[in-house]
1. Tell me the GluC sites (Glu not before Pro) within region 79-162 that lie in a loop according to DSSP and have at most 13 other beta-carbon atoms within 10 Å.
2. How long are the semi-axes of the equivalent ellipsoid of region 284-409, taking √(5λ) for every eigenvalue λ of the Cα gyration tensor, in whole Å from largest down?
3. Using only Cα atoms, figure out Rg for region 200-338 and give it as a multiple of 2.2 N^0.38 Å.
4. In nm², what is the average projected area of the convex hull enclosing the Cα atoms of region 80-156?
5. Based on the alpha carbons, how large is the Rg to Rh ratio for region 159-198 when Rh follows Kirkwood?
6. Of all beta bridges DSSP finds with both residues in the chain, what is the antiparallel percent, to the nearest 5?
7. Test of understanding: extend the Cα→C-beta vector of Ser315 to 7 Å, then name every residue of region 228-255 with backbone N under 19 Å from that spot.
8. Find the centroid of the Cα atoms in region 3-58 and in region 128-185, then give the distance between the two in whole Å.
Amino acid sequence: MTSLSIIELPMLSAVLNNIKPVDDIWRPVNQFKEEIADELKKHNITATPQVGGSIAKDTWLRGDFDCDMFIRFDRAYKDQDISDLLETALKPFGSDRVHGSRDYFQVQRNNIKFEIIPVIAIERPEDALNVTDVSPLHVEWVKKHGMCDEIRLTKAFCKANRVYGAESYIGGFSGHVLDIITIHYGGFMKLLRASKSWKDGQLIDINDAWKNDVSKLNKSKIGPLIVIDPIQPDRNAAAALTKEKIEGFISAAKDFLQEPSTDFFVKEEFSTKKISETYHRKDCIFIEADPVEGKKDIIGAKLMKSFEYIKTQLSLNNFKTIDSGWDWEEGKKATFWLIFEDTPLPKIMEKSGPPIKNQKDADRFREKHKETYIRDDKLYTTIETRYRKPIDLIKILLMDEYIKERTSSASLSN
């Protein structure tokens, strides 16, 4: 069936031709699936391997070689540690165990990165013992809507515009969230148009489970975008999505709708040169950080914390960033970038204190600073500026133990 978005905008046909897979990934996937089934049988484990994720949904993109494999254990195992049982069966494949709400495994085989996830086989979401038990039901939900190419367009658009990835250090759209919102709005183009009117705390509830009132939804699940899971309506599938990534998506959607181009589906290579050219009259500072060894998610989280620590310390020392960000690809060094006005801070700066009505805080402020004055019922003092240029502080921060513990090395870069 021809994509509705392609009918509306024929140029998307060329995009789809470029992003649809041409490799026969099913042959090696099914082969590995059978090998796992044989090992489970050898160990007398009543469990069935089932392909999941974007491959099972038929929404994966060309060049993506990640595959989710659910190992569906019989409910008789509900009181056992099925991760431990699965680990025994996976030993011949050299799997790595990854800790999660229920531990899962990673295996590299035939150039495909498999994530092997133990689940209890269920038919109804309310029977789930762990959030992962519901994942196979998500696959069936997506498949019945038959919008695989629309989802592919959405996913490729998000990847190219750097708003894709549910990892904590990215905070972007997950594949699951993109499935839901693309289906909810009826396609890629309709999603882009709808996003222009999203408000903070926008509710997307495809089954109208909450009747437009999420006041009873767990507050920890409330975020800048609330996407009610169609299988588990008490869950916000977009809880990990950051405001920054939502704004990035909306901005890219507006630009594309105004002037459609296939360029919006091609991820532009990160370039410090381009940033310098964009802010050629500003103070551009680049930091190169060599990651520590470990799992991708942990490495990324440590890099993110290092970047945020530097930004926080700069802010505490009165440096205001015009723009900032960081870029990292697995197996490479990370780059942090920060943009400031090219003007040093004054030698003497005013420091604000507490309102005078807060007696204890006011007394502490006066004890700390010899000379204070009152303006608008609030205490102030003047202090000598320790660091007048951001680079002076950054040089000190790069030697900080906090940074050293989270990177192998970090240094200023041209």
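1. Working: sites: Glu87, Glu115, Glu123, Glu126, Glu140, Glu150; in loops: Glu123.
Passing sites in region 79-162 are Glu123.
2. Values: eigenvalues 262, 54, 28 Å².
Calculated on Cα positions only, the semi-axes equal 36, 17, 12 Å.
3. Cα Rg divided by the expected 2.2 N^0.38 Å: 1.32.
4. Numbers: hull surface 27.7 nm².
Orientation-averaged projected area of the Cα hull: 6.9 nm².
5. Looking at region 159-198, the ratio lands at 1.00.
6. Values: 41 of 53 bridges.
About 75 percent, rounded to the nearest 5.
7. From region 228-255, the list is 241-248.
8. 14
None of the figures in this text is laboratory data; all of them are computed from the coordinates on show. What you see is a predicted model, and the numbers here were worked out from it, not measured in a lab. Reconstructed Cβ throughout: ideal geometry from the backbone, glycine too, with neighbour counts over all protein chains shown.
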